[in-house]
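Everything below concerns the one structure shown next.
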Amino acid sequence: MRMTPAIKVILIINIVFYVFTYWITPAISLGGYTDWFLNFNALHPIGSSGFSVYQYITYMFMHGGWWHLFFNMWSLMIFGNAVEQRVGTKRFVYYYLLCGVGSALVNQLMTFLGVISPAQLVGASGAIYGVMAAAAFFFPDAKLFIIPIPFPIKLKYLVGFYTVVEMYMGITSLDGVAHFAHLGGIVVGVIILLVWKYQSGRPSQRSHSWRVDEGSHYEKDESLWEKLKKSFGQERKPKMRVTKVREANYADHEYNSRKREENDEIDRILDKIRRDGYQNLTENEKATLFNASKKMRGEG
């Protein structure tokens with residue numbers, strides 16, 4: 001599987017953090033405390049002594065074990081490559097980080113409301129669920145095989161099913177999984193996607209805008225309306241093309257009308273010759289008949 005630039009960097013950072021957490025940190029434990037790297041980067045509950053704002057970013061690169069890391073990175077590669085190719089690398093990075101931060105805030109809100117108990121939060125799952133939402137948004141009818149389902153399922157139904165499951169598990173389950181963080185990633189992702197769609201549907205008042213270039217990166221461009229719509233696959237047909245079609249139709253109509261008038265005039269002159277003889281034609285009628293005969297012989 002060929003990875004896009006942002007997916008590759010995110011994957012490397014997660015692996016590096018995993019190695020530091022479970023291999024290097026125990027080997028260089030400070031004061032005998034082997035979990036200091038995990039404690040430093042995991043997101044602590046607000047108000048606790050270990051909480052810091054930077055943890056809203058670092059927590060999404062931490063994982064609770066090998067399988068936690070593996071399934072998250074595997075899901076990221078499956079869904080993230082297509083999304084990054086669609087929206088561009090810079091916008092994908094912003095989207096990924098915002099979904100991760102948003103999922104953490106939703107999880108903390110549920111803690112504040114007393115729905116779940118306070119706990120450290122680690123893992124990229126919230127951000128990846130946001131990426132899944134984006135994949136379903138851009139490619140709703142793409143089909144995937146999910147074990148143990150014996151038939152392919154459309155992406156829009158798969159993400160919808162996951163959303164319902166995470167909502168139910170968040171309320172009823174005590175398995176220690178941050179289900180509301182997963183749900184938060186989907187909700188925040190959908191909000192961002194709807195904002196992008198709204199922005200693509202109206203002209204901007206700014207003099208510059210960011211545009212997608214071949215689905216790989218962004219660069220400045222003076223165009224606003226068409227280029228924003230291009231990022232969502234809704235590029236308008238140029239008005240010039242419609243104008244040319246109309247001009248061509250008008251030209252054809254004018255030509256056909258002129259040809260009918262010429263043919264009618266020739267028919268009238270021939271009828272006059274049969275009725276009155278050639279010698280009774282006017283000079284203009286003789287010239288018209290002469291020009292018509294030249295065109296028929298290909299001498300025009």
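The values are calculated or read from the model by the stated rules, or taken from the named source; none is laboratory data. Being a predicted model, the structure only gives us computed values, none of them experimental. Note: ideal-geometry Cβ built from the backbone for every residue, glycine included; neighbour counts use all protein chains shown. To get the accessible areas, we keep the full protein, side chains included, count just its heavy atoms, and leave off ligands, DNA and RNA. Shrake-Rupley method; radii C 1.70, N 1.55, O 1.52, S 1.80 Å.
What to note about this one:
- Test: residue 151 is closer than 18 Å to residue 86 by Cβ and not small (Gly, Ala, Ser): no
- Residue count, the stretch 165-190 (criterion: of a type in the set (A, V, I, L, M) and at pLDDT below 90): 7
- Flag if residue 73 is assigned to a helix (DSSP H, G or I) and either acidic (Asp, Glu) or within 19 Å of the chain's Cα centre (by Cα) (or both): no
- Hits in the stretch 137-155 - residues which are without any contact (Cβ under 8 Å) to a residue 12 or more places away in the chain and in contact with a Phe, Trp or Tyr (Cβ under 7 Å, 6 or more places away or on another chain): 152
- The set of residues in the stretch 4-19 being closer than 19 Å to residue 63 by Cβ and surrounded by fewer than 16 Cβ atoms within 10 Å (Cβ to Cβ) consists of 8, 9, 12, 13, 15, 16, 19.
- Filter result for residue 148 (in contact with a strand residue (DSSP E or B) (Cβ under 8 Å, 6 or more places away or on another chain) and surrounded by fewer than 19 Cβ atoms within 10 Å (Cβ to Cβ)): no
- Residue 78 vs. criteria modelled with pLDDT of 90 or more and either surrounded by fewer than 17 Cβ atoms within 10 Å (Cβ to Cβ) or part of a helix (DSSP H, G or I) (or both): yes
- In the stretch 88-113, the residues that are over 11 Å from residue 192 (Cα atoms) and open to solvent by less than 40 Å² (accessible area, probe 1.4 Å) reach residues that are part of a helix (DSSP H, G or I) and aliphatic (A, V, I, L, M) with C-beta atoms within less than 6 angstrom, at least six apart or across chains, in these pairs: 89/6; 92/6; 100/60; 100/127; 103/181; 107/181.
- Count of the stretch 252-292 residues which are surrounded by fewer than 10 Cβ atoms within 10 Å (Cβ to Cβ) and not in a helix (DSSP H, G or I): 1
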